[in-house]
Amino acid sequence: MDRSKVKRRGSSIGPNQPEPKLQKEININAVVVDNGAYSIKVGLSTEAHPTLVPNCIMKAKAERKRLFIGDQINECRDCSGLYFLLPCERGYITKWDVQKPIWDYIFSKKVCPIDEYPVVITQPLFNFNSIQDCMDEIFFEEYEVSSMFRLNPTDLAYLKYARDHNLPKTTPCIIIDTGFSFTHIIPYINGNKYLNAIRRLNVGGKLLTNHLKDIISYRQYNVMEETYVINQVKEDTCYVAQDVKKELTIAAKSGIENNIVRNYVLPDFNNIRRGYILENNSDTKENEENCQILRLNNERFVVPEILFHPSDIGMKSMGIAEAVVKSILCCPKQYQEDLSKNIVVIGGNCNFKGFKERMMAELRSLLPHLWDVKLYQPEDPITYSWDGGKSLLKMTDFKSCLVTKEEYEELGSMIIQQRFNSWMTDNSLVEEESQEKNQENYRYLDWLKGKTVFGKEDPIDVKDECEQEDSLLKAQTNSQDTGSHNLAENVDNVQQPAADLELKTKASLKNIENTIVKEFDQEKDQPSSNFSMQTELFPFGTGSYL
Amino acid sequence: MTISKSTLRGSNRIKENDKRRIVDETSRKRRHRKVMELLESDNYHDDPHADLVMSKKVPKFEDNLEQRTSRTKKKERTAEYYQIKYRKNFQQLVDEDRAEAEANRRVSYMDIQCEESPMPPRHFCAVCGFLAKYNCLSCGTRYCCIRCMDTHMDTRCLKWAA
Ligand SMILES: [Zn+2]
Ligand SMILES: [Zn+2]
């Protein structure tokens, strides 16, 4: 469609599409923007693929006369020590002086002008009110868009999955979106997000890259300033192990037996612009002689492991597969089995080799054996949500969902935000008897007992079992931090180590349930009441920064 | 690109071990929080253009842009306008969200955070990344062998405890 033809200022119905006659599907065209914290996927819905623009502004050491917005970084000769201005904090836009110029660039003629098209833009789950206010002001008042719609990227992924697989609204799905800032697990029941069972894991690609940077800096070179380069190292070399113990054994070997170790040629931004794996571990070509070689061994798989075991770096959180299982079991019973048949995983972290297989293996082992488990990972997990924009535009009632500029002016931000926020969201299910939920938790823990922590089937020896008990006690102790009212009960348990594991399990789960371990609550330094029991609280040093 | 090989010394410090200070739980927590914050940070170094701020040479975003659209520019606002009007840090946003969610009895940002795993944690050596059996008496960091312990003692142990 020729964009120049669509020019009708002040049109109240948005783009002037011919009225649908006998077609069942109305096809509206729109500018679809999947506004990720790492990359923005943008394009007209008529286009086959979106344009990917990094959602950041970069400053280079060597070029002091300019800033690089998004993909302009390709014009930068020397990308060493790049300084990043990121608009988002934990996935939410907080730096408008960064986001606005990036949008200005994206909606300029250089990338994708809005013209008179409606705008469909994504926002993270529970996007905060004042962020939405600002988005409204920018799009309606400054960009003067004719109409707009905002929704979560997982909504789009759900719509695409349901449409592509001809699923009726009644088929529940669970969408896992593992991106730059975090990982969301969102069940859709009867076409709506089931809020009670949604989970967020605070592990994303950013944390993984920063962790890799940290361990390389400790073990080999100081690369703390090389986020840009190390992110590429991560993308080029890291993978998800199927059996971590086995992988570690191989990585500990030397010579030809170790097929994990890789030598990576770091870019010098002179001859080599992008780093790469040295094909033959020993030979170096002439132009590689003066280059720095990074040796990657267990780093290759230990880093993505954090997604599956955040406790590896001392984070008190379930891993991604556990959280999916937990989420499914928090849904009403009649949907659980169907949910496990429609698990969709999207987001950049899916691109780790072995991710899908490991995910499948863990889900299979954690969910009841009689259930059918199906995991779908699209060919391009990064653009899947953007593609979902096309599915959205084909919905028969979508046109009425769009909020026009006139509506914004008449009703104001608050009303239209309610429209966005309540879309595909079922609040009625939230108020539910928590009794059933607790029951599920006990069942869940029963399954977990005896599950291996290293990915593959792995008989648990006596020592492991002791450790498990220990950790349960620890969990109990930890949750005591926030309130010491049942300290006596806790001490009681400690004094009777022979007490039934089941009992302890229930007690500790109850505590976890009550406190929903909140990182921000833990920020407040509270003197620990029973220090001696917590000596191993943070056993793993992610390494402090020297 | 300037990268220097980091120095990993390996002198034996076992005898000193007994004399070493033991870091209390509060400090360990503080340190862990600091590590987690750093894992969320955008940059480790300072703005390379920081010295340009006071001069007129500061590159402007606008310099990179052609005129955006054919529309009238009367409503165009600077990025700073939005930053000032909507300036809220993340913690403020979370607090507001929580208060509003409580009032409306809806699920909030904080409610959906993953619970702790009931599975036991695994332990990796902070130095070499392999499985670790031991932990440092002073700070609790895990290590796998005497060599790694030495490295830990010489480099990171207690350095952060100040
Ligand atoms: Zn070691
Ligand atoms: Zn130590």
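Taking K and R as +1 and D and E as -1, what net charge do the other residues with C-beta under 9 Å from the C-beta of A:V53 add up to?
Overall, the nearby charge balance is 0.
Can you pull out the GluC sites (Glu not before Pro) in the stretch A:308-381 that DSSP calls coil and that have at most 15 other Cβ atoms within 10 Å?
Here the GluC sites (Glu not before Pro) that fit, given the DSSP loop and packing criteria, are A:E379.
For A:K394, tell me the accessible area in Å² from a 1.4 Å probe, rounded to the nearest 10.
Accessible surface of A:K394 is approximately 70 Å².
What distance in nm separates the simple spin-label points at A:L167 and B:R77, each placed 7 Å from Cα in the Cβ direction?
Taking the simple label geometry, A:L167 and B:R77 are separated by 4.0 nm.
Run through all the Cα pairs of the stretch B:85-151 and give the fraction in each 10 Å bin from 0, expressed as whole percent.
Going out from 0 Å in 10 Å bins, the stretch B:85-151 shows 18, 24, 15, 21, 19, 3 percent.
State whether the stretch A:205-303 is rounded, prolate or oblate according to the following rule on the C-alpha gyration tensor (a ≥ b ≥ c being the square roots of its eigenvalues): a/c under 1.5 gives rounded; otherwise a/b larger than b/c gives prolate, and the remaining case gives oblate.
The shape class here is oblate.
For a Förster distance of 35 Å, can you work out the FRET efficiency between the beta-carbons of A:Q334 and A:T396, rounded to the nearest 0.05?
For A:Q334 and A:T396, the calculated efficiency is 0.80.
Any of A:K61/A:K206; A:K390/B:K75; A:K253/B:K133; A:K100/A:K160; A:K160/A:K356; A:K110/B:K75 with alpha carbons more than 26 Å apart? Name them for me.
Cα-Cα > 26 Å for A:K390/B:K75; A:K100/A:K160; rest within.
At a probe radius of 1.4 Å, what is the per-residue accessible area of B:D24, in Å² to the nearest 10?
Its heavy atoms expose roughly 80 Å² to the probe.
What is the average number of partner chain Cβ atoms found within 10 Å of a Cβ in B:87-97?
For this peptide, the per-residue mean of nearby foreign Cβ atoms is 5.
Leaving ligands, DNA and RNA out of it, work out the accessible area of A:T396 with a 1.4 Å probe and give it in Å² to the nearest 10.
Its accessible surface works out to 90 Å², give or take rounding.
What distance in nm separates the simple spin-label points at A:T249 and A:K109, each placed 7 Å from Cα in the Cβ direction?
Taking the simple label geometry, A:T249 and A:K109 are separated by 6.4 nm.
Other chains near A:213-225: what is the mean number of their Cβ atoms within 10 Å of each residue's Cβ?
Whole-number average of other-chain Cβ neighbours for A:213-225 is 5.
Using DSSP to define loop residues, name the GluC sites (Glu not before Pro) in the stretch B:69-162 whose beta-carbon has at most 12 other beta-carbon atoms within 10 Å.
none
The values are calculated or read from the model by the stated rules, or taken from the named source; none is laboratory data. These figures come from a predicted structure and were not determined experimentally. Cβ coordinates were reconstructed from backbone atoms using ideal geometry, including for glycine residues, and neighbour counts include every protein chain displayed. Remember, those area values only see protein heavy atoms, side chains included, never the ligands or the DNA or RNA. Shrake-Rupley method; radii C 1.70, N 1.55, O 1.52, S 1.80 Å.
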